[in-house]
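Heads up: the structure comes next, in structure tokens.
The values are calculated or read from the model by the stated rules, or taken from the named source; none is laboratory data. Fair warning: this is a prediction, and the values are worked out from it, not measured in the lab. Please note: Cβ atoms are built from the backbone with ideal geometry, for glycine as well, and neighbour counts cover all protein chains shown. Surface accessibility is based on the protein's heavy atoms, side chains included, excluding ligands, DNA and RNA. Shrake-Rupley method; radii C 1.70, N 1.55, O 1.52, S 1.80 Å.
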Amino acid sequence: MSLASMIAESRLIICVGSGGVGKTTTAAAIGLKAATEGRKVLVLTIDPARRLANSLGLSQFGNDETKITLESSIKGELWAMMLDTQSTFDALIERVSPDEGTRERILNNRVYRHMSDSFGGSQEYMATEQLYEVVVSGRYDLVVLDTPPVKNALDFLESPGRLVRFLDKRILSWFLTPYEEKRSLSRIFRSTSAMIFKLLGYVFGREFLDELAEFLFIFRDLYDGFRERHEAVIALFSKAGTTFVVVTAPNGPSVAVAQYFLEELKARTMPCAGVLINQMHPVFGKVADPSLVLGTLASTLSEDLGPHTAKQLLARLGANHRRLLGLSLAEQEISRDLETKLGPSQKLWHIPRLEGEVHDLKALGRVLEHAQEVNIPSPRPTEV
Amino acid sequence: MKLKDFSSRRLLLLTGKGGTGKTRVAAALGLATGQPGRRVLVVEVDVQRSALAEAFDTEIDHQPKQVAPNVWAANIRFQPALKDWLDRTVRGARIVGMILNNPMLQVFLGVTPGARELVVLSSVIGQLDHFDQVIVDMPASGHAVSMLGIPDTAFSLMRTGPIHERAAQIVSVLRGEDTAMGIVALPEEMVVNETVELYQRLGQILPELSVPLVFLNRCAAPTMTDDEHKLLARLSGEKGLGSEAEALLLAGRWDAELERATADSLGRLHSEIGVTVVPFPRLGVLGGFAGGPVKVTEQMAGALRRRMLTEEKGAS
């Protein structure tokens, strides 16, 4: 699939990759491009660091879907939203609670209140929750998701599972049985699980366990809803119209994470269009002698400047050019190495590093303008 | 705060936006501060793929491994950390064995909010018993803040028992005078924005944690004169110079841009958050640099050592 057809045809594009590779900017650029082509697009970010707002030229935006003002000639629409874990979680509780009393008890439970801060993965879970909602709502032609920069690449796909596992009935009943028994004070624990429960009480403190038990007790009935939703989200990920894009930068550590993502997505049979290498330095020509190429012009143009200006600048240009040439050759090598890791239908794109930073819509519009599909020589290495 | 005073603290935490080079700064700090009589451990916190492995060009696992004279490195993993934790908090090998061998309990610990992070953090801090200094390559910005908030949460959620006590110990170490955090940044507008925000958030959430330094990676010192800037602009304005000339001029503009961005970033970090900034000159491509990845780590360690020496001379 070409970059153009991916942007024109997909319903859901998920950008994954390590931190600092320009993932958010890429997600925003894809969204803007699709809007330019007349589609109605939502870019969803989980990142509280306002990177998306930054690249859209806004100081910040909230947890509601916000329409971005585009040039009047653009027919499509670009919307953006930042995810707030706690309010999404609260809304979810609101929706699934059978009655007012249950809702209040959950919202006031201290374990619940700390859960969104301290439960690794609850952010990711809530992201998928929100994502599902906007995708199935049909309000947008395309949703672009900017995933959190988790170092543990697996978390994004696994964490929803972790939360669901937490609410697994078997674990709950194992854990809650002594709790219920204690509540009814019906019998003295003799079973192994009761003994372990006592031990947990010793390790965690009885008070915490009681509160945790209360939380789980209320949540128990919600488990089926959570599991169904999680399964629906995973199904959504593997559906036609959904595409993962691995975003990376041309350096060793980022590319290692990109490869890891390729493997993980393949193992999960998730559709992945390919890898986009951001921030590529332009291919600088052969090492040129600055005084041969620019010497005469430089001395003419510097007549009114300091006596050594031309000489100094030319020496500097030569040194920078050699350094950047080295850098760009190393990047090309990293890219060629990545080519061999791609599946048969996956593409590799280069996006050149722009002069200046991307913090307005105009600059954002230029990001994909120079995107280049790398011509991968055939025969392609067979997959292992 | 001077780098020399920062690096004399026993527990150093490093965080920052992803891709800024936290891991390599942590590794370089380790090489710069390790010396006879001062055993230093550089650790990662439960990462799937060790990035320290690249910085030191050797395999890194849970067990500390010597990577240079007086310097060790480790990637603290949850399972072995759990065993350390139980050995420390629960008396009796039988009970420890029971917990480690019970699959339900394993699931319980794996999914209880914050338990995993707390156990790993406890193991990291426990390393202070074995090393003179522990340098921690923390997760990126927001994730580091959540992780550091977990002991506080645990402390207030679990009001009795060994976890409560251990959480209290961890909280007091994090807030203590022998701990400091450094933020790693790059001379780029968005990275500086995030650094300023992170600094302010840390001040709100963990006001007692000392955050005196920012390491600014890949800097270019301002060496271009105004006249050179003028000439570069004039040359860039000429048409039809040919590809060789264009390439040279583009290279010049990149460099001018980096010098400007470095000066801007230094200025903003001083004026907006008032921290000491330790700049590193740019060195080349990670992993693709002549001499290999360890060379880059060593060069950065050298820059840190020189700065500390200069500080000492300045003081005397």
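So who's got an amide H within less than 5 Å of the one on residue B:276, skipping anything under 5 residues away but keeping other chains? H placed 1.01 Å off N, in plane.
Correct list: B:214.
I'd like the mean, over residues of B:124-130, of how many other protein chain beta carbons sit within 10 Å of each residue's own Cβ. Present the calculation step by step, with values, prior to reporting the outcome.
Working: counts 0, 0, 0, 0, 0, 0, 0.
Other-chain Cβ atoms within 10 Å of each residue's Cβ, averaged: 0.
Taking 0.36 nm per residue of sequence separation and subtracting the Cα-Cα distance, how much length would be gained by fully extending the chain between residue B:272 and residue B:132, in nm to one decimal? Spell out each step's value before the answer.
Numbers: separation 140, 0.36 × 140 = 50.40 nm, distance 3.37 nm.
Value of the extension gain: 47.0 nm.
Can you give the relative contact order of chain B as a percent, counting alpha carbon pairs under 8 Å and 6+ residues apart? Could the numbers behind the result be given before it?
On the way: 478 pairs, mean separation 77.9, N = 316.
After rounding, I find 25 percent.
B plus A alone minus the pair: what accessible area, both sides summed, probe 1.4 Å, in Å² to 100?
Working: alone 16020 and 20130 Å², together 28860 Å².
Summing both chains' loss of accessible area gives about 7300 Å².
Please report the orientation-averaged projected area of segment B:60-191, defined via the convex hull of its C-alpha atoms, in nm². If you can, show how the numbers build up before the last one.
Details: hull surface 40.9 nm².
Answer in nm², one decimal: 10.2.
Give me the angle, in degrees from 0 to 90, between the Cα long axis of helix B:22-33 and the longest principal axis of the Cα atoms of chain B, rounded to the nearest 10.
Rounded to the nearest ten degrees, it is 80.
Taking the highest mean first, how do the peptides B:177-186, B:204-213 order by number of other beta carbon atoms within 10 angstrom per residue?
Per-residue mean Cβ counts within 10 Å order the peptides as B:177-186, B:204-213.
Residue by residue, what Karplus-based ³J(HN,Hα) values in Hz, rounded to whole numbers, does segment A:130-144 have, using 6.51, -1.76 and 1.60 with θ = phi - 60° and x for Gly and Pro?
Once θ is set to phi - 60°, the couplings for segment A:130-144 become 5, 4, 4, 4, 6, 5, 6, 5, x, 6, 10, 6, 9, 10, 10 Hz.
Considering only C-alpha atoms, what is the centroid distance from segment B:202-247 to segment A:287-352, in Å?
Taking the Cα centre of each part, segment B:202-247 and segment A:287-352 sit 16 Å apart.
Simple spin-label model, 7 Å along Cα-to-Cβ: residue A:323 to residue B:313 in nm?
For residue A:323 paired with residue B:313, the spin-label model returns 2.3 nm.
Averaged over B:183-189, how many beta carbons belonging to a partner chain fall within 10 Å of each residue's beta carbon? It would help to have the intermediate numbers written out before the result.
Working: counts 0, 0, 0, 1, 0, 2, 5.
Per-residue shielding by partner chains comes out at 1.
Once the Cα atoms of helix B:115-126 and of chain B are each reduced to a long axis, what angle between those two axes, in degrees from 0 to 90 to the nearest 10, is obtained?
80 degrees
Kirkwood Rh over Cα pairs of segment A:291-330 into Stokes-Einstein at 10 °C, 1.306 mPa s: D in µm²/s? Don't skip to the answer; put the middle values down first.
Details: Rh = 11.0 Å.
Using the Kirkwood radius from Cα pairs, D works out to 145 µm²/s.
May I have the convex hull volume per residue, in Å³, for the Cα set of segment A:232-365?
On the way: hull volume 21.4 nm³, N = 134.
Per-residue hull volume (Cα only) is 160 Å³.
Modelling each spin label as a point 7 Å along the Cα-to-Cβ direction, I'd like the residue B:263/residue B:172 distance in nm, to one decimal.
Inter-label distance under the simple model: 5.0 nm.
Please tell me which of these pairs span more than 30 angstrom C-alpha to C-alpha: A:347/B:295; A:40/A:347; B:4/B:65; B:230/B:313; A:341/B:239?
From the list (A:347/B:295; A:40/A:347; B:4/B:65; B:230/B:313; A:341/B:239), the Cα-Cα distance tops 30 Å for A:347/B:295; B:230/B:313; A:341/B:239.
Give me the one-decimal nm value for the distance between modelled label points at residue A:315 and residue A:296, 7 Å along each residue's Cα-to-Cβ direction.
2.4 nm
Based on the mean of other Cβ atoms within 10 Å per residue, sort peptides A:292-301, B:244-253 so the most packed one is first.
Working: A:292-301: 16.9, B:244-253: 22.3.
Highest mean packing first, the order is B:244-253, A:292-301.
Taking segment A:231-324, which GluC sites (Glu not before Pro) meet the DSSP loop condition and have no more than 14 other C-beta atoms within 10 Å? Walk me through the numbers on the way to the answer.
Details: sites: A:231, A:263, A:264, A:303; in loops: A:303.
The qualifying sites are A:303.
Take the Cα atoms of chain B, find their three principal axes, and give me the spread along each one in whole Å, biggest first.
Cα spread of chain B along its principal axes, largest to smallest: 80, 46, 39 Å.
Output the peptides B:91-98, A:8-15, A:24-31 sorted from most to least packed, where packing is the average of other Cβ atoms within 10 Å over each peptide's residues.
Working: B:91-98: 12.5, A:8-15: 20.9, A:24-31: 27.8.
In descending order of packing, they fall as A:24-31, A:8-15, B:91-98.
Taking amide H atoms as placed 1.01 Å from N in the peptide plane, list the residues 5 or more away in sequence, or in a different chain, whose amide H sits under 5 Å from that of residue A:14.
A:145, A:243, A:244, A:245
If I stretch the segment between residue A:210 and residue A:376 completely, what's the gain in nm (0.36 nm per residue apart, minus their alpha carbon distance), one decimal? Don't skip to the answer; put the middle values down first.
Working: separation 166, 0.36 × 166 = 59.76 nm, distance 5.98 nm.
Result: 53.8 nm gained on full extension.
Within a 10 angstrom radius of each residue's Cβ in B:136-146, how many Cβ atoms of other chains show up on average? Whole number is fine. Mind showing how you got there, number by number?
Working: counts 0, 1, 0, 6, 8, 5, 7, 9, 0, 2, 6.
The shielding value for this peptide is 4.
Would you please give the residues with an amide H less than 5 Å from that of residue A:347, counting only those at least 5 places away or on a separate chain, with H modeled from the backbone geometry?
Distant-sequence amide H within range of residue A:347: A:274, A:275.
Please report the net charge: other residues with Cβ closer than 15 Å to the Cβ of residue A:286, K and R +1, D and E -1.
Details: positive: A:322, A:323; negative: A:289, B:244, B:246.
That sum, taken over residues with Cβ under 15 Å, equals -1.
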